[in-house]
């Protein structure tokens with residue numbers, strides 16, 4: 001025994017992805033992503049990805065070029081889609097702002 005610590009068998013820790021912080025209000029964010037690619041997560045866990053056409057104060061959403069993703073797999077493609085606001089969990093930008 002030479003007094004050296006035993007070698008580590010653990011894999012190096014993965015670095016966390018960079019998250020861009022925005023200091024504006026949620027309303028400012030939503031205004032900024034109209035006409036851009038977004039990801040809409042529903043309370044059911046299904047994701048819709050496409051271009052945000054418009055939304056209203058109830059979070060009702062109209063999208064274009066929409067894809068439905070279940071467990072990360074595209075299951076449907078829609079030209080236009082309308083999502084009722086009470087089903088929306090969150091909206092995120094698909095691209096960096």
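Okay, here's what the table says:
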item	result
Looking only at the stretch 10-43, and only at residues there that are at pLDDT 90 or above and in contact with a helix residue (DSSP H, G or I) (Cβ under 7 Å, 6 or more places away or on another chain), the one that is nearest to residue 80 (Cα to Cα)	42
Positions within the stretch 44-58 being assigned to a strand (DSSP E or B) and touching a residue at least 40 places away in the same chain (Cβ under 8 Å), in sequence order	49
Any hit, the stretch 65-79, residues being in contact (Cβ under 8 Å) with a residue 12 or more places away in the chain and in contact with a helix residue (DSSP H, G or I) (Cβ under 9 Å, 6 or more places away or on another chain)	no
Selection from the stretch 59-97 of residues that are outside any strand (DSSP E or B) and either within 13 Å of residue 41 (Cα to Cα) or modelled with pLDDT of 95 or more (or both)	59, 60, 71, 72, 84, 85, 86, 87, 94
The stretch 24-42: number of residues that are over 18 Å from residue 58 (Cα atoms) and buried (at least 16 other Cβ atoms within 10 Å of the Cβ)	0
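The values are calculated or read from the model by the stated rules, or taken from the named source; none is laboratory data. The model shown is predicted, which means the values in this text are computed figures rather than measured ones. Note that each Cβ is placed from the backbone with ideal geometry, even for glycine, and that neighbours are counted across all protein chains shown.
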